[in-house]
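Okay, structure first, notes after.
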Amino acid sequence: MSATTSPAANRRWLGLAVIAAAQFMVIMDTSIIGVALPKMQAELGFTQENLSWVFNAYVVALGGLLLLGGKLSDVLGARRVFSTGWVVLLGGSLVAGLAGNVEVELLGRAIQGAGSALIAPAALTLLFMLFGANPKELPKALALYGAAAPAGGTAGVFLGGVITEYLSWPWVFFINIPIAVAILALVPSVMPAGGAASGRRVDLLGALTVTAGLGAAVYAVVQAPEVGWDSGQTWGVLAVAAVLLAGFVIGQAKGRDPLVRLGIFRAPNLAAANLAQLLLGAAWIPMWFFLNLYLQQVLGYTAFPSGAALLPMTLLIMIGMIALAPRVLAAIGPKAATVTGLVLLAAGLSWLALIDPDGSYAVDVLPASLVAALGMSLAFIPTLGTAIGAARPEEGGLASGIVNTSYQIGSALGLAVMTAIAAANGADQLGDKAALTDGFSAAFIGAAIVAGVGALATLALFRSATGGQAGAEDQAQQLAA
């Protein structure tokens with residue numbers, strides 16, 4: 001990066017603050033709606049089964065378009081794409097907050113997801129542009145960036161409770177607007193301009209195909225308990241999803257300038273790290289979603305106490321990522337750290353499956369959620385670092401897009417599957433605490449199995465002695481110092 005394209009050295013950390021704010025907002029927009037879900041359900045007319053679309057409309061758009069966001073960052077310049085994403089997110093937040101029915105609400109959430117899909121990979125690319133030439137500062141910058149995710153989750157849980165309790169649910173979306181305006185004002189002075197890559201085209205058809213395929217798969221799974229797993233609709237929509245996703249892979253293999261250069265997955269540990277991220281999202285997000293519902297629909301918490309009840313879990317994740325995960329990673333390496341984290345997550349989820357309709361927060365929620373949170377903090381950092389570090393430097397935007405896509409796709413599909421499992425076991429019977437508890441418990445068991453599969457897959461697929469791992473361990477040692 002030349003001196004003419006980079007901000008002054010003393011502004012790099014302000015630039016990092018803006019980048020961390022981006023990660024903070026992307027995650028906050030997934031968590032802030034959790035506490036508000038029951039009120040949104042009552043006012044907009046969501047059914048219990050379809051309530052997950054408030055989350056999935058955002059995540060499907062985010063996960064499906066992240067690859068496009070990463071490619072656009074490489075082609076058009078990360079700063080330009082980063083700013084555009086904030087404009088789109090601002091517009092989606094307005095639509096979601098002003099929605100008066102289910103359809104408009106889901107449209108707003110999808111627009112928010114599209115904006116975040118531009119922001120997230122561009123932010124990570126900008127981070128490497130600011131700190132990539134300084135190996136002593138890069139690990140600390142990555143740690144602060146990584147900590148912004150659980151901080152966003154924490155703020156989302158808390159603010160969602162405060163806003164829903166004392167204002168109204170639309171303000172969980174309107175809160176994005178002043179933050180977006182402030183960041184857009186700061187970007188020109190603190191972010192490197194970067195250069196656009198001339199002569200390269202963007203595979204818009206591929207982006208639309210993978211997004212439509214993912215959306216069809218999630219829709220089929222969410223609707224299956226209502227229409228039947230053996231119905232023509234379920235299998236027809238799944239077939240459409242399979243055709244679209246297969247078409248996307250074929251297009252990427254044969255295209256002249258694809259969204260995803262499939263050869264990137266030959267990099268050591270990149271595919272394994274992305275699989276671990278996918279399964280991590282598929283286990284973690286259903287836990288967060290159904291804990292919110294258990295606290296409010298079974299234990300009878302109102303919005304603010306429900307949000308406050310999840311603060312210990314999210315604070316532990318933030319502390320674990322900053323203080324504990326780098327030291328564990330330096331001591332035992334990415335493979336062992338990831339396996340340990342996923343095993344702890346599976347244990348916490350199994351413990352949560354013991355919830356009781358007449359239970360209490362101190363016994364049924366707090367200890368198990370802390371075990372799960374510890375596992376999440378240990379597994380997330382090594383898989384993220386390995387997935388990004390394995391790619392070639394010029395494909396930083398693509399690598400960040402792929403790993404973010406893996407996590408978000410896992411989140412959407414995992415929540416869709418666990419929603420179906422919960423509904424099949426009684427979670428669709430509003431007002432019946434015993435039935436709701438049985439359904440939520442089944443979802444926790446399913447998520448625990450996913451985390452266990454992730455641990456086994458990591459054990460089998462991660463290579464233990466690679467240059468990429470050595471680099472990850474070196475970065476962790478510097479961070480822990």
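The values are calculated or read from the model by the stated rules, or taken from the named source; none is laboratory data. Bear in mind the structure is a predicted one, so any value in this text is a computation, not a measurement. Note that we place each Cβ from the backbone using ideal geometry, even for glycine, and neighbour counts take in every protein chain shown.
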Quiz item: Does any residue in segment 134-151 that is more than 21 Å from residue 284 (Cα to Cα) and among the charged types (D, E, K, R) come within less than 7 Å, Cβ to Cβ, of a residue that is buried (at least 19 other Cβ atoms within 10 Å of the Cβ) and at pLDDT below 70 six or more places away or on a different chain, and which pairs are these?
Solution: 140/479
Practice problem: Output the number of residues of segment 356-388 satisfying the condition of being among the aromatic types (Phe, Trp, Tyr) and surrounded by fewer than 24 Cβ atoms within 10 Å (Cβ to Cβ). | Solution: 1
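Among the residues of segment 171-193, which ones are part of a loop (DSSP other than H, G, I, E, B) and buried (at least 23 other Cβ atoms within 10 Å of the Cβ)? Even if it seems obvious, please write down each step before you answer.
The initial filter retains those residues of segment 171-193 that are part of a loop (DSSP other than H, G, I, E, B), namely 175, 191-193.
Within segment 171-193, 191 is the sole residue that qualifies.
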Quiz prompt | Long-range neighbours under 7 Å by Cβ, at least six apart or interchain, first residue in the same structural domain as residue 441 (by TED's automatic domain parsing) within segment 358-369, second assigned to a loop (DSSP other than H, G, I, E, B) and exposed (fewer than 15 other Cβ atoms within 10 Å of the Cβ) | solution = 364/356
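When you scan segment 138-157, do you find a residue that is modelled with pLDDT of 80 or more and either surrounded by fewer than 20 Cβ atoms within 10 Å (Cβ to Cβ) or more than 21 Å from the chain's Cα centre (by Cα) (or both), even just one?
Of the residues in segment 138-157, the ones modelled with pLDDT of 80 or more are none.
Among the residues of segment 138-157, not one is modelled with pLDDT of 80 or more and either surrounded by fewer than 20 Cβ atoms within 10 Å (Cβ to Cβ) or more than 21 Å from the chain's Cα centre (by Cα) (or both), which makes the answer no.
Can you find, within segment 95-137, the residue that is nearest to the chain's Cα centre (by Cα) among those that are part of a helix (DSSP H, G or I) and charged (D, E, K, R)? Full working, then the answer.
Step one: of segment 95-137, the residues part of a helix (DSSP H, G or I) are 95-98, 102-131.
Filter again for charged (D, E, K, R), leaving 103, 105, 109.
Details: 103: 23, 105: 20, 109: 14 Å.
Out of the qualifying residues, it is 109.
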Quiz item: Right, residue 294: assigned by TED's automatic domain parsing to the domain that holds residue 409, surrounded by 18 or more Cβ atoms within 10 Å (Cβ to Cβ), within 30 Å of residue 38 (Cβ to Cβ) and not charged (D, E, K, R) or not?
Solution: yes
Self-check item: Where residue 297 falls short, out of the listed (1) modelled with pLDDT of 85 or more; (2) under 23 Å from the mean Cα position of the chain (by Cα); (3) under 30 Å from residue 361 (Cβ atoms)
Solution: (2)
Quiz item: Any idea which of 430, 413 is under 26 Å from residue 113 (Cβ atoms), out of contact with any strand residue (DSSP E or B) (no Cβ under 8 Å at 6 or more places or on another chain) and touching a residue at least 12 places away in the same chain (Cβ under 8 Å)?
Solution: 413
Quiz item: Hey, any hits in segment 82-90 for a residue that's farther than 23 Å from residue 44 by Cα and of a type in the set (Gly, Ala, Ser)?
Solution: yes
Quiz item: Conditions: (1) surrounded by fewer than 20 Cβ atoms within 10 Å (Cβ to Cβ); (2) within 25 Å of residue 426 (Cβ to Cβ); (3) at pLDDT below 80. Residue 265 meets all but one. Number of the miss?
Solution: (2)
Quiz item: Can you tell me how many residues in segment 93-114 are without any contact (Cβ under 8 Å) to a residue 40 or more places away in the chain and within 27 Å of residue 15 (Cβ to Cβ)?
Solution: 0
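Table: residues versus (1) in contact (Cβ under 8 Å) with a residue 24 or more places away in the chain; (2) within 21 Å of residue 415 (Cα to Cα); (3) not assigned by TED's automatic domain parsing to the domain that holds residue 29.
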residue: 173; (1), (2), (3): yes, no, no
residue: 176; (1), (2), (3): yes, no, no
residue: 246; (1), (2), (3): no, no, yes
residue: 266; (1), (2), (3): no, no, no
residue: 269; (1), (2), (3): yes, no, no
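Is one or more of the residues making up segment 345-353 of a type outside the set (Ser, Thr, Tyr) and closer than 26 Å to residue 389 by Cα?
Of all residues in segment 345-353, those of a type outside the set (Ser, Thr, Tyr) come to 345-349, 351-353.
Filter again for closer than 26 Å to residue 389 by Cα, leaving 345.
For segment 345-353, residues of a type outside the set (Ser, Thr, Tyr) and closer than 26 Å to residue 389 by Cα: present.
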Practice problem: Quickly run through segment 425-442 and pick out the residues that are over 16 Å from residue 359 (Cα atoms) and either buried (at least 17 other Cβ atoms within 10 Å of the Cβ) or outside the structural domain of residue 296 (by TED's automatic domain parsing) (or both). | Solution: 425, 426, 427, 428, 442
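Considering only residues of segment 433-452 that are aliphatic (A, V, I, L, M) and in contact with a Leu (Cβ under 6 Å, 6 or more places away or on another chain), which is nearest to residue 285 (Cα to Cα)? Break it down into steps so the answer makes sense when it comes.
As a first pass, look at segment 433-452 and keep what is aliphatic (A, V, I, L, M): 434-436, 442-443, 445, 447-451.
Those still in the list that are in contact with a Leu (Cβ under 6 Å, 6 or more places away or on another chain) too: 447-448, 450-451.
Numbers: 447: 9, 448: 12, 450: 12, 451: 11 Å.
By that ranking, first place goes to 447.
Conditions tested, residue by residue: (1) on the phi < 0 side of the Ramachandran plot; (2) of a type in the set (Phe, Trp, Tyr); (3) more than 21 Å from the chain's Cα centre (by Cα).
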| residue | (1), (2), (3) |
| --- | --- |
| 235 | yes, yes, yes |
| 245 | yes, no, no |
| 258 | yes, no, yes |
| 273 | yes, no, no |
| 286 | yes, no, no |
| 303 | yes, no, yes |
| 306 | yes, no, yes |
| 320 | yes, no, no |
| 329 | yes, no, yes |
